[in-house]
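First up is the structure itself, then whatever we jot down about it.
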There are 2 protein chains.
Amino acid sequence: MDRQHLKQLVKEVIIEMTKPEIPIGISNRHVHLKQEDFDKLFPDEAVKKKKDLKQPGEYAAEQTVTLVGPKGEIPNVRLLAPLRSFSQVEISKTDSFTLGIDAPISLSGDLSQAVEVTLKTKEGSLPIKGCIIAKRHIHMSEQDAEIFNVKKGDLVKVEVDTPQRKTIYEDVVVRPHKAFVLEMHIDTDEANAANVSPSTKCRII
Amino acid sequence: MDRQHLKQLVKEVIIEMTKPEIPIGISNRHVHLKQEDFDKLFPDEAVKKKKDLKQPGEYAAEQTVTLVGPKGEIPNVRLLAPLRSFSQVEISKTDSFTLGIDAPISLSGDLSQAVEVTLKTKEGSLPIKGCIIAKRHIHMSEQDAEIFNVKKGDLVKVEVDTPQRKTIYEDVVVRPHKAFVLEMHIDTDEANAANVSPSTKCRII
């Protein structure tokens, strides 16, 4: 390798190594609801905020539901808000075995392959054909996308360097948006498989 | 790069690419018991075989226990046999949250950091300081170890190429033994995080 190519290689390595670390957000199972479905499950109630989430404007609500599948139930599944234009249930693959449903791994918002699960509260019960296992993804601003040299929909590899269970997750979808804050979203299976703790950060490689 | 080095590189790639694929064994939560503990939990019973496992001589028993922790219980946890010289409980990290215990990620057999969990049956209840989350590992014969050019205790990287969730697991411990059959053992969190199905195979990279 000549001097010219070697310099280029060193430059690439430095750019690679100085890319910002990415905080990890662990998504526990949760539901998004449209107004009509919320009203059936929580008649005469308003959405009550419990806690802000990291993505601006998003928050966890006080309201929870029980998920009911052919094989089992999962109680205390939290509503995330604000309400959306469609209802969506996001679970882990472990949860799908508990419930006995064959949920697809899909990008949040893509319900083309979503399966049915029943949502239950004190006030009502409602089957929703909107259950998926969320595909891992990274929220980032448009400026972040420039720094990382990626664009919407790109698949990247992310190194999660933790004690005992270092893991490289491939197939991570890039989701840049002007309102987003840098954060990789993985589910509880993915977090546990890689021994992720609240302080773990990761890196695109 | 000169002709000599290029030939060497091509050779290494071919060896790499023709290494045998490794079948995956998904370890669900289970217990191993020593005779004394078995007798307390199942007085006047013998171990009853339910199903042979892939590793020669190992089998799943008909007997199951309930795990009890400060935060929750997990029923129907299977006994693997034959009985051993020490009792050991292997759970996933997801299970550790259900039970409310801070189990370490340790290699099977290393109980130096193991935590306590209670085993319960109809006949008895027994606290055992032997609960771990098993570190991922590969069983292989001594001949396999030669083919892979690895030795006992080596840490290798394993590529799990599945739809939607391609993953590279690092920190995989090599466990060669003359009686072992080639099989990577991962737990249910790791299997679900990588979207592993019964037919998935993987490769050391």
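Criterion first (touching an Asp or Glu at 6+ places or on another chain (Cβ under 6 Å) and touching a residue at least 12 places away in the same chain (Cβ under 8 Å)) does residue A:129 satisfy it?
Details: touching an Asp or Glu at 6+ places or on another chain (Cβ under 6 Å): yes; touching a residue at least 12 places away in the same chain (Cβ under 8 Å): yes.
Against the criterion (touching an Asp or Glu at 6+ places or on another chain (Cβ under 6 Å) and touching a residue at least 12 places away in the same chain (Cβ under 8 Å)), residue A:129 qualifies.
Based on this model, can you work out whether residue A:186 counts as in a strand (DSSP E or B), touching a residue at least 12 places away in the same chain (Cβ under 8 Å), surrounded by 16 or more Cβ atoms within 10 Å (Cβ to Cβ) and in the same structural domain as residue A:38 (by TED's automatic domain parsing)? Here the answer is no, as residue A:186 does not meet what is asked. For segment A:188-197, the condition holds for no residue, the condition being that it is away from chain B (no Cβ under 13 Å) and small (Gly, Ala, Ser).
Within segment A:57-75, no residue satisfies the criterion of being open to solvent by less than 20 Å² (accessible area, probe 1.4 Å) and among the hydroxyl-bearing types (Ser, Thr, Tyr).
Hey, could you check segment A:154-182 for residues that are surrounded by fewer than 17 Cβ atoms within 10 Å (Cβ to Cβ) and away from chain B (no Cβ under 14 Å) and say which is nearest to the chain's Cα centre (by Cα)? Filtering segment A:154-182 for residues that are surrounded by fewer than 17 Cβ atoms within 10 Å (Cβ to Cβ) and away from chain B (no Cβ under 14 Å), the one nearest to the chain's Cα centre (by Cα) comes out as A:181. Applying the criterion of at least 3 residues that are more than 15 Å from residue A:129 (Cα to Cα) and modelled with pLDDT under 95 to the helices (runs of 4 or more DSSP H) found wholly in segment A:1-114 leaves A:3-18. The single residue among A:165, A:175 that is part of a loop (DSSP other than H, G, I, E, B) and touching a residue at least 12 places away in the same chain (Cβ under 8 Å) turns out to be A:165. For residue A:14, the criteria (1) closer than 25 Å to residue A:157 by Cα; (2) of a type outside the set (D, E, K, R); (3) surrounded by 13 or more Cβ atoms within 10 Å (Cβ to Cβ) hold in every case but one, which is (3). Residue B:122 meets all of the listed conditions (1) of a type in the set (D, E, K, R); (2) more than 19 Å from residue B:187 (Cα to Cα); (3) in contact (Cβ under 8 Å) with a residue 60 or more places away in the chain but one, namely (3). Restricting to segment B:129-175, name every residue that is among the hydroxyl-bearing types (Ser, Thr, Tyr) and more than 30 Å from residue A:107 (Cβ to Cβ). The answer is B:141, and nothing else.
Under the condition of being among the charged types (D, E, K, R) and either within 19 Å of residue A:72 (Cβ to Cβ) or crowded, with 18+ Cβ neighbours inside 10 Å (or both), the residues counted in segment A:105-126 number 2. For segment A:25-56, the tally of residues that are touching a residue at least 40 places away in the same chain (Cβ under 8 Å), open to solvent by 30 Å² or more (accessible area, probe 1.4 Å) and of a type in the set (A, V, I, L, M) stands at 1.
With respect to residue A:105, is the statement that it is in contact (Cβ under 8 Å) with a residue 60 or more places away in the chain, of a type outside the set (Ser, Thr, Tyr) and at the interface with another protein chain (Cβ under 9 Å from one of its Cβ atoms) true? Here the answer is no, as residue A:105 does not meet what is asked. Remark: pairs (first residue in segment B:78-101, more than 14 Å from chain A (Cβ to nearest Cβ); second residue of a type in the set (Asp, Glu) and in a helix (DSSP H, G or I); Cβ separation under 6 Å; 6+ apart in sequence or on different chains) = B:87/B:37. Scanning segment B:127-150 for residues that are assigned to a loop (DSSP other than H, G, I, E, B), open to solvent by 30 Å² or more (accessible area, probe 1.4 Å) and more than 19 Å from residue B:12 (Cβ to Cβ) yields a count of 0.
The values are calculated or read from the model by the stated rules, or taken from the named source; none is laboratory data. The shown structure was predicted, so the numbers you read here are calculated from the model rather than taken from an experiment. Here the Cβ is made from the backbone with ideal geometry for all residues, glycine too, and neighbour counts use every protein chain on show. Ligands, DNA and RNA are stripped out before the accessible areas are found, and what is left, the full protein with its side chains, is counted by its heavy atoms. Shrake-Rupley method; radii C 1.70, N 1.55, O 1.52, S 1.80 Å.
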